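Each remark here refers to the structure printed beneath this line.
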Amino acid sequence: MEKGQQQETFLNCLLALVAAGIFVASIYSISPKAIISITLVSFAAATVLLKYESKVTFIPFCILFFMLGVVRYQAVDNLPANDISSFAGSDMSVTGTIREQPRIRLNADDSYSVRYTVDVKSVTKSQEEIVATGGLNINVRYESQNAIPTALIGYKISAYGTVRKPINYNNPGQLDIVTMLKSNEITASLSVGKAGVEIEYVEGSLWTKFLRTMAAIREHYKDSMRQVMSNEDAAAIFAMLFGGYEGLKPELTESFVTTGIVHILSVSGSHMSLLAATTAWICNFFGWRRWIKISIGLIVILTYTILSGFIFPVIRSAFMGFLVFFATSSNKYYSSSRRSLTIIAMFILLYSPLALFHISFQLSFLSTVGLLYLSPKIIEFLTKGANLQLKLYEKVFNPRLKLSYFLSTSLACTISALIFSQPIVAWYFNQLSISSLLANLIVIPILEIIIIFGLFAGIVGLIVPLFAKVVFLMDSLMFGTAYELNKLIAALPMSNVYFPTINFAWSAIYYVVLLFVIQKRKVKEAILNLCKTNVKIVQGICAVIVILIAFNIGVKFVKPLEMQVHFIDVHQGDSALVITPHDHAMMFDTGGVREHAYDIGGRIDVPYLHHYGITKLDYIFLTHAHEDHAAGAGSIVKSLEVDNIITANEPKSEYAASMAVSEELLKLNNLRSAVEGEIYSVDGVKVEVLFAPKAAALSTGNEVSNVYKVTFGNISFLFTGDLIKENEAVILREHKDVKSTVLKVGHHGSKTSSSEEFVEAVDPTYAVFCVGANNTFGHPRPEVVELMEKVGAKIYRTDKNGAIVFTTDGTNINIETR
């Protein structure tokens, strides 16, 4: 490579190498000696080659940047010895300073949950004070709003409780919450009991006082809006202005997700671009020069960034948004904006390597890449080569040109962002929002006006409160209109369709094709000429790809028919998926939490099913109505087609309450109680209702828990729900055939289940504990684990292994864990 040539390509390669170094370091542990040796050799080679102006100087530079990614990841991943996470599992008093404004949530029982994000200073254990570091989320429950103490940024806070590490739901395609929190320097949580927290006033530095002022201004916005609109509308508009999902109606969030515009509810690059574009319109209206327009746009974005809290995700969005604004202000700035994007992304990854695994960075970066590289080509195609460098005020005063430019730009931005981010969206959400094109043309402009008016009204309202009330009232009316329009668009047929998971190999091919598409014409011609001059090599590569694809397809036809049984990690609950040889699907329990504090069905079960291509269930077999077994089914029946729901002998009202759905909806899904001895056969897989006790007058859910046995060939699985020992004895007295290859251990390993006689009768080869990490029940009990080991069963646990997948052809069995 000649000096000074292909700068953009070289910078992109360096960014890719830094990202690759971070990714590799997250999987493999590389010793310090190896890092030092490789770095020194590469540095020496780069120095020598640079001196002699060699054309291969870039090679050691690439290695150095790869190692830079490795080093930065290890530096962030290896926490100091006194980090708060090192005290996990201990009951202690923690003291620190409040990092950001506390987040308050109203619960269903009219109590309030408050989360304080704290920079830890010290911990006290056994009356010994120890210096500690790290970020901590303190969760406190208050009976009323008046009981919540005043707490501002920089105040001292002390609390007593059990320190716990954050926990993921370890299933494929699930968001990595632990890494996301760690990227925000939060490594532990503390749940406080009735003792509550002690908060002490601290005057703070000038910067702290400034942050408090910004927080107070945000509260001013919220209070002003609540005076003239409903709390739900105020929460939604506040979310659009400053981010956050507190107080939002689930229906609103679901509607915005369906139409692909949920990003508007958090501070994103689009917010920054909008503010800068509005500023540019005003500057152009007065005929100011471009450098003035860009300077004022930068000032506006910086002010909004500070007002939004000046936290790292907001700063990242500010960079991305300003780049898009800078590029779109003139076509000649696209090239420099692309280079700037690469440099900024590299800075972000070097400063916070864990951002690479954060969905926010992934989507914002890829969307910005699409806007900078692909949207100009789409705009050029849509406008058929029209001159796009006309001044903005010319577009404004020419209605035809204005409409053409607006439509082409809106479509191009939406399509380009969608194309570049779709593999990530498919991996996490398995959806393609076709309606996003329509929503971006109709709904987003209204919401953008609301944002501009809302920000302006809040500032002016500090001086003229009446003016703010009038504008916020207009915002509320416009938001109601936008919301109803969005619901109509979301309700359209095929507005949001299932999109299968794209694995790493296909994603790589997808982005290679995209990289070719976005290249300049000269680069494309050079690539094609290179292919023409090396036809045999290209043909060989194509032949290998075709053979690999044919081999993968062939394997599916010649391999024996197999059944899969997935034990899904739903923490403290049971949830299992059975996939038959021809892709029929059944579930055995669905998990859930008490009082529906977290939607296991919508956030864990449905994404898991979609990840494996399941869009319909033939059966849901529920062992009993307790929420940790049945609550998840509520969201499943709302999201997927379910032919039958088989339950224990409990009233339908119990299941309706557990699932938080109406009894009428359950009738549509053919909900009925199981009959002992019934056998259901699906695609060669036999499901036997081995035990279905009648509900006694004073019985609880555990006492009426059904037992199901699933058999395929010579392999069988026993699902025992929360079967109690007394009913285990009944099963043995009735000489039921309980012998099974795999035992789902009863009641999460509680001592109320798993008698020695019953386990010996089952004689399992494998024992699966569906249990939550660090649960307060002490599950699984040590004596139950010892019993499984005694009978020779190999133990798997969802709290340690994550999702557990058994694959069998009826004779052999294979196990994979997350």
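The values are calculated or read from the model by the stated rules, or taken from the named source; none is laboratory data. Keep in mind it's a predicted model, so treat the numbers as computed, not measured. Cβ: placed from backbone, ideal geometry, glycine included. Neighbour counts: every protein chain shown. Quick note on the areas: whole protein, heavy atoms, side chains included, nothing else; ligands and nucleic acids left out. Shrake-Rupley method; radii C 1.70, N 1.55, O 1.52, S 1.80 Å.
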Inspect the range 586-600 for any residue being open to solvent by 10 Å² or more (accessible area, probe 1.4 Å), in contact (Cβ under 8 Å) with a residue 60 or more places away in the chain, part of a strand (DSSP E or B) and not hydrophobic (A, V, I, L, M, F, W, C) and give the result as yes or no.
no
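A quick yes/no check of all residues on (1) open to solvent by 50 Å² or more (accessible area, probe 1.4 Å); (2) at pLDDT below 85; (3) not aliphatic (A, V, I, L, M):
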position	(1), (2), (3)
PRO465	yes, yes, yes
TYR510	yes, no, yes
LYS522	yes, yes, yes
ILE549	yes, yes, no
Need pairs with beta-carbon distance below 7 Å; first residue assigned to a helix (DSSP H, G or I) and surrounded by fewer than 16 Cβ atoms within 10 Å (Cβ to Cβ) and within the range 1-23, second of a type in the set (Lys, Arg) and modelled with pLDDT under 85; sequence gap 6+ or separate chains.
GLN7/ARG339; GLU8/ARG338; GLU8/ARG339
Looking only at the range 387-408, decide whether some residue is modelled with pLDDT of 65 or more, out of contact with any Lys or Arg (no Cβ under 8 Å at 6 or more places or on another chain), over 30 Å from PHE504 (Cα atoms) and surrounded by fewer than 17 Cβ atoms within 10 Å (Cβ to Cβ).
yes
Is there a residue in the range 661-680 that is open to solvent by less than 20 Å² (accessible area, probe 1.4 Å), under 19 Å from GLU728 (Cα atoms) and at pLDDT below 90?
no
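Rundown of residues vs (1) in contact (Cβ under 8 Å) with a residue 60 or more places away in the chain; (2) of a type in the set (A, V, I, L, M), yes/no style:
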position: PRO172; (1), (2): yes, no
position: LEU175; (1), (2): yes, yes
position: MET180; (1), (2): yes, yes
position: SER183; (1), (2): yes, no
position: SER189; (1), (2): no, no
position: VAL197; (1), (2): yes, yes
position: TYR201; (1), (2): no, no
position: LEU206; (1), (2): no, yes
position: ALA215; (1), (2): yes, yes
Residue that is among the basic types (Lys, Arg), surrounded by fewer than 15 Cβ atoms within 10 Å (Cβ to Cβ) and in contact (Cβ under 8 Å) with a residue 12 or more places away in the chain, where the choices are LYS739, LYS725
LYS739
Please find, within the range 100-123, the residue that is nearest to ASP599 (Cα to Cα) out of those that are surrounded by 19 or more Cβ atoms within 10 Å (Cβ to Cβ) and not aromatic (Phe, Trp, Tyr).
VAL114
Where a residue in the range 51-62 is assigned to a helix (DSSP H, G or I) and its partner, wherever it lies, is surrounded by fewer than 18 Cβ atoms within 10 Å (Cβ to Cβ), with Cβ under 6 Å and at least six apart
PHE58/MET1
Taking the range 751-771 as the search range and keeping residues that are out of contact with any helix residue (DSSP H, G or I) (no Cβ under 7 Å at 6 or more places or on another chain) and open to solvent by less than 10 Å² (accessible area, probe 1.4 Å), which one is nearest to ASN168 (Cα to Cα)?
VAL768
The range 256-277, residues that are among the polar types (S, T, N, Q), at pLDDT 70 or above and either in a loop (DSSP other than H, G, I, E, B) or under 14 Å from PRO445 (Cα atoms) (or both)
THR259, SER266
Give the range 714-730 a look and list any residue that's modelled with pLDDT under 95, of a type outside the set (S, T, N, Q) and closer than 25 Å to ILE645 by Cα, or say none.
GLY721, ASP722, LEU723, ILE724, GLU728
Taking the condition of being modelled with pLDDT of 85 or more and either touching an Asp or Glu at 6+ places or on another chain (Cβ under 9 Å) or under 18 Å from LEU11 (Cβ atoms) (or both), how many residues in the range 21-58 meet it?
4
Do any strands (runs of 3 or more DSSP E) lying entirely in the range 748-816 carry at least 2 residues that are touching a residue at least 40 places away in the same chain (Cβ under 8 Å) and of a type outside the set (Phe, Trp, Tyr), and which ones are they?
804-808
Can you name every residue in the range 797-809 that is modelled with pLDDT under 95 and surrounded by fewer than 18 Cβ atoms within 10 Å (Cβ to Cβ)?
LYS800, ASP809
Which of the residues belonging to the range 609-635 are within 18 Å of the chain's Cα centre (by Cα) and surrounded by fewer than 23 Cβ atoms within 10 Å (Cβ to Cβ)?
HIS610, HIS611, TYR612
From the list LEU152, LEU241, LEU206, LEU211, exactly one residue is at pLDDT 90 or above and either of a type in the set (S, T, N, Q) or crowded, with 17+ Cβ neighbours inside 10 Å (or both). Which is it?
LEU152
